[in-house]
Amino acid sequence: MCKNSQDIICSNAGTCHCGRCKCDNSDGSGLVYGKFCECDDRECIDDETEEICGGHGKCYCGNCYCKAGWHGDKCEFQCDITPWESKRRCTSPDGKICSNRGTCVCGECTCHDVDPTGDWGDIHGDTCECDERDCRAVYDRYSDDFCSGHGQCNCGRCDCKAGWYGKKCEHPQSCTLSAEESIRKCQGSSDLPCSGRGKCECGKCTCYPPGDRRVYGKTCECDDRRCEDLDGVVCGGHGTCSCGRCVCERGWFGKLCQHPRKCNMTEEQSKNLCESADGILCSGKGSCHCGKCICSAEEWYISGEFCDCDDRDCDKHDGLVCTGNGICSCGNCECWDGWNGNACEIWLGSEYP
């Protein structure tokens, strides 16, 4: 009756008398307690200050639960951001702290895994928004049978292979085309089926995100989001978008019609505005026009106000920069609404194609 779950009598922290544990508190502190003397609050004492949880939290069964703004095993570390900022960083797209699947510490989520004894990776994401268990028909931590074996799990949602559909890809779809024929029809002249922006089913593309009319075409080849800048302005307000390319009004040019052809400043004034902090004109990787740098077209990956950014640093997924679901901004992916991840590869919307 005195043995704990590991068959240790009174957790080696007490003596057994008539079927009950008497915990060792010879110093009168009362810090060892529990039915099997399994709780030892001496573990919470800070070695330097000799205070419980460093005076910045409460101890329960040998574990410190820190006040807002403090963290560490003994609550010995103070966050370098405010509690409000920490909460903001941990808030998931659905408005919950760490998606109710983790603990927020100094603006970073520690996700609660399915098996507390090991890291199985079922729950992940910056705000624990991804739960791979949702991809399994019957949850079995030792099974890799995601999406009924007919799809790929993407942040807890199944992306079904051609010929299958359903929340867990459990339903076969009647189609007279073979998988290869279906993909070939969806691919067209693109390197990827549906240009990497849609789902191929029986030779037909469904473009995503669902309901977004800016992505269209037989093989989803047109993406008018590419005509927008980071503020959502189409072609700088000086042109129209046609299948993902800007057609500029007279007097304007550039990928986003951002440069006026006429210039009301001297060449000297213009060059002064194009010099970076090191005094080099457009970082030596572009030309200056009317106070703005036009980066070399031959090196597609050069961008930035002074051509000082290398967009090759943007993550690729399925061979596409930012998975085709965002804009590469100075080496970092700025994802469009509904997308998340370093490469904008995770769809977080309510509907999924």
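Things to note:
- Residue match in the stretch 345-353 (condition: over 30 Å from K168 (Cβ atoms), out of contact with any strand residue (DSSP E or B) (no Cβ under 6 Å at 6 or more places or on another chain), open to solvent by less than 40 Å² (accessible area, probe 1.4 Å) and in a loop (DSSP other than H, G, I, E, B)): no
- Selection status of K58, at pLDDT 80 or above, crowded, with 17+ Cβ neighbours inside 10 Å and in the same structural domain as D41 (by the TED database): no
- Where strands (runs of 3 or more DSSP E) fall wholly inside the stretch 221-309, the ranges with 3 or more residues that are open to solvent by less than 60 Å² (accessible area, probe 1.4 Å) are 286-289, 292-295.
- Segments classed as strands (runs of 3 or more DSSP E), wholly inside the stretch 1-112, with at least 3 members that are within 28 Å of D337 (Cβ to Cβ): 102-105, 108-111
- First in the stretch 168-184 and closer than 28 Å to R136 by Cβ, second anywhere and open to solvent by 50 Å² or more (accessible area, probe 1.4 Å) and among the hydroxyl-bearing types (S, T, Y), Cβ under 7 Å, 6 or more apart: H171/Y165; Q173/Y165
- Filter pass, L192 being crowded, with 17+ Cβ neighbours inside 10 Å, touching a helix residue (DSSP H, G or I) at 6+ places or on another chain (Cβ under 6 Å) and under 26 Å from N342 (Cα atoms): no
The values are calculated or read from the model by the stated rules, or taken from the named source; none is laboratory data. Source: prediction; values computed, not measured. Backbone-built Cβ (ideal geometry, glycine too); neighbour counts: all protein chains shown. We work out accessible area using only protein heavy atoms, side chains counted, and drop any ligands, DNA or RNA first. Shrake-Rupley method; radii C 1.70, N 1.55, O 1.52, S 1.80 Å.
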